[in-house]
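One structure is given below, encoded as structure tokens.
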Amino acid sequence: MNRRNQILAGILILQLLVVAVVLWPRPVTSGGEDQSLFPDVKADRIVGLTITSAAGQTIQLAKRPGGWVLPDADDYPCQEDKVAPILAKIAGLKADRVVAQTSSSYKRLMVGEEHFERRIEFELDDGTHHWLYLGTSPSFHAAHIRADDQDEVYLISDLSSQDAGVEATAWVDRIYFSVPQDQVVTLTLENKNGRFEFVKDSDSWALKGLTGGETLNTDVVQSLINRATSVALLRPLGKEEKDAYGLKEPSAVISIQTHSDETGDRTCTLRVGAQDTTDKSYVIASSESPYYVRVTEFTVRDWVGKARDDFLELPPSPTPMPEASPEATPGS
């Protein structure tokens, strides 16, 4: 390599180093040791959360004296262990790795006012509001983020859109109704096809009114018991019964009687209302809860549609008789 080429190569290397230094994400100079994205925010000061998805779905959470709730569902209770992690992550966000500083990058990184993966607005106990935009994830456990009116976009590893669900089930106990299955002694189902009362005898189930020539399909009955003793919600609706729920003329009613030495006899009731034509879900009301909820079609399909014959074993199909072979003709 001649002298001229050596000089050109050296200049090229120097240019590459300059570009790397300029573009490489680096800590922000904050003028102090505190590089928190929200310096005055502590987890216990957050009293409200509003989370919006890219599709526009929104969920609100609020802190009440008794804990966190969903205010749009008449303060349906949230689970503390589901809310606490996101509060701690928001309060712990660090402003120490800038990846962009101009609005031209917001759409690409999904941290703009119109384009984002999640928009999280939170309120403090003094009425102050902050918001942040969660954007794309360039790698596992990493996401782009922009806060308040700041120009800077940061790369963080403490918070992602998976931590900020917009479905109610991300924040509440999914089990709406539950009774110990081994304590159930009687289950009664009423729907458009009739009334069916199942009674437990030792470890087996019997259907009242069964005739001598009929056999109960224990697998179908057990499936009914399984779904009736543990009901998962799709989303809570609130405490007010509305005409649209269709519970004045329910699609099905299930009564469950339990017995234990500690509590004695107890009867719980589940009423199934109308089906939503959009997502096919049903409204349910439990005698054990002041709240109305929606559940999936799968949850109550058997309750609404089963008829008496569905709980019986089908009679065995008759064995077809073998066809008689044609008799041989004389001389054949």
From the list Glu117, Glu121, which residue is under 25 Å from Pro39 (Cα atoms) and in contact with a helix residue (DSSP H, G or I) (Cβ under 7 Å, 6 or more places away or on another chain)?
Glu117
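What residue, of Val185, Val199, Val220, is modelled with pLDDT of 90 or more and either closer than 19 Å to Val300 by Cα or out of contact with any Ser or Thr (no Cβ under 9 Å at 6 or more places or on another chain) (or both)? Full working, then the answer.
Details: Val185 fails: either closer than 19 Å to Val300 by Cα or out of contact with any Ser or Thr (no Cβ under 9 Å at 6 or more places or on another chain) (or both); Val199 fails: either closer than 19 Å to Val300 by Cα or out of contact with any Ser or Thr (no Cβ under 9 Å at 6 or more places or on another chain) (or both).
Exactly one of Val185, Val199, Val220 is modelled with pLDDT of 90 or more and either closer than 19 Å to Val300 by Cα or out of contact with any Ser or Thr (no Cβ under 9 Å at 6 or more places or on another chain) (or both), namely Val220.
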Members of the stretch 225-265 found to be acidic (Asp, Glu) and within 29 Å of Gly194 (Cβ to Cβ), listed by number:
Glu241, Asp243, Glu249, Asp265
Check Thr269, Thr263 and return the single one that is under 30 Å from Asp182 (Cα atoms) and either in contact with a Phe, Trp or Tyr (Cβ under 9 Å, 6 or more places away or on another chain) or modelled with pLDDT of 95 or more (or both).
Thr269
Looking only at the stretch 148-191, which residues are surrounded by fewer than 16 Cβ atoms within 10 Å (Cβ to Cβ) and free of Cβ contacts under 8 Å to residues at least 60 places away in the same chain?
Asp148, Asp149, Gln150, Asp151, Ser157, Gln162, Arg174, Ile175, Ser178, Gln181, Asp182
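Among the strands (runs of 3 or more DSSP E) contained in the stretch 44-147, which hold 1 or more residues that are in contact with a Gly (Cβ under 8 Å, 6 or more places away or on another chain), within 24 Å of Val172 (Cα to Cα) and touching a residue at least 40 places away in the same chain (Cβ under 8 Å)?
On the way: elements: 46-53, 58-64, 67-70, 98-100, 118-124, 129-134, 143-147.
Passing ranges, in order: 46-53, 58-64, 118-124.
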How about the stretch 56-86: which of its residues are touching an Asp or Glu at 6+ places or on another chain (Cβ under 8 Å) and surrounded by 18 or more Cβ atoms within 10 Å (Cβ to Cβ)?
Ile59, Trp68, Val69, Ile86
For the stretch 213-262, which residues satisfy the criterion of being among the small types (Gly, Ala, Ser), in contact (Cβ under 8 Å) with a residue 60 or more places away in the chain and either touching a Leu at 6+ places or on another chain (Cβ under 7 Å) or open to solvent by 20 Å² or more (accessible area, probe 1.4 Å) (or both)?
Ser223, Ala228, Ala232, Ser251, Ala252, Ser255
Looking at (1) within 24 Å of the chain's Cα centre (by Cα); (2) surrounded by fewer than 17 Cβ atoms within 10 Å (Cβ to Cβ); (3) on the phi > 0 side of the Ramachandran plot, which one does Gly127 not meet, given that it meets all the others?
(1)
Name the residue, out of Gln162, Gln150, that is out of contact with any Leu (no Cβ under 6 Å at 6 or more places or on another chain), over 22 Å from Lys82 (Cβ atoms), modelled with pLDDT under 95 and of a type outside the set (Asp, Glu).
Gln150
Qualifying residues in the stretch 95-118 (those that are basic (Lys, Arg) and over 26 Å from Ile59 (Cβ atoms)) - the one most open to solvent (accessible area, probe 1.4 Å):
Arg108
Within the stretch 192-212, the count of residues that are in contact (Cβ under 8 Å) with a residue 24 or more places away in the chain and in a strand (DSSP E or B) comes to 4
Select, from Ser325, Ser317, Ser287, the only residue that is modelled with pLDDT of 95 or more and either over 20 Å from the mean Cα position of the chain (by Cα) or open to solvent by 50 Å² or more (accessible area, probe 1.4 Å) (or both).
Ser287
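The values are calculated or read from the model by the stated rules, or taken from the named source; none is laboratory data. This structure is a prediction, so every number in the text was calculated from the model and none was measured. Here Cβ is always computed from backbone atoms with ideal geometry, including for glycine, and neighbour counts include all displayed protein chains. Side chains are part of the model used for accessible areas, which takes the heavy atoms of the whole protein and leaves out ligands, DNA and RNA. Shrake-Rupley method; radii C 1.70, N 1.55, O 1.52, S 1.80 Å.
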